[in-house]
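The values are calculated or read from the model by the stated rules, or taken from the named source; none is laboratory data. Just so you know, these numbers come straight off a predicted model, no measurement behind them. Because the Cβ atoms are built from the backbone with ideal geometry, glycine has one as well, and the counts that use them run over all protein chains shown. The area values use the complete protein model at the heavy-atom level, side chains included, leaving out ligands, DNA and RNA. Shrake-Rupley method; radii C 1.70, N 1.55, O 1.52, S 1.80 Å.
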Amino acid sequence: DGLVEIVPHRGAFIRWPSPRDVEERFDIRIAIETLALRRAFPKLDDDVLRRLLDRVREQQERIESASYQEIEQLSIEVHMVVLEAAGNRRVIDLTHQLREQVYIASTLYRNPGGSVSVPRVRKVAEDHEAFLLALLDRDLPRAVRELEAHLVRTRDMVIAAVQDGLRRTSTLERREPVR
């Protein structure tokens, strides 16, 4: 999957994603997640969507105290509700794979020092809220637009974080030994 780089006489290292890697993988995610949304739309359960919306709003209220793990888990759940309703296991697996390939450096929800990036998390939560509201309003065209816009904004945030990481560290400093 291109996640590990072998350096002769040095070892195996986790490969930092390039901005191009991020862009290409998000292009694929946008295509498959919007397709999954169209297929899943008639099957989505309003009660499940309302509970997710409540959790997103609760997280927004306590964003400064939320852990990286809580934020990431809720984000995954928002996307998974659609992917699972679409009922295509390959789409689910591919989405997980693409997500792991670009989030390997925890570039979206964390600052360079490891703390949660409140502005990024706030924007993602706002996107999730708008997406869930479109689903609850049973407005498929708006839901597709919200999902696509969210993934584009997320892509741009990840690219900016990756570029920042590339500027701050040398190639050897970015390598993390595989254990």
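Scanning region 83-116 for residues that are modelled with pLDDT of 80 or more and open to solvent by less than 30 Å² (accessible area, probe 1.4 Å) gives L83, A85, A86, V91, I92, T95, L98, R99.
Kindly provide the set of residues from region 58-106 that are closer than 27 Å to D47 by Cβ and outside any helix (DSSP H, G or I), ordered by number.
Listed by number, the residues that qualify are R62, A66, S67, G87, N88.
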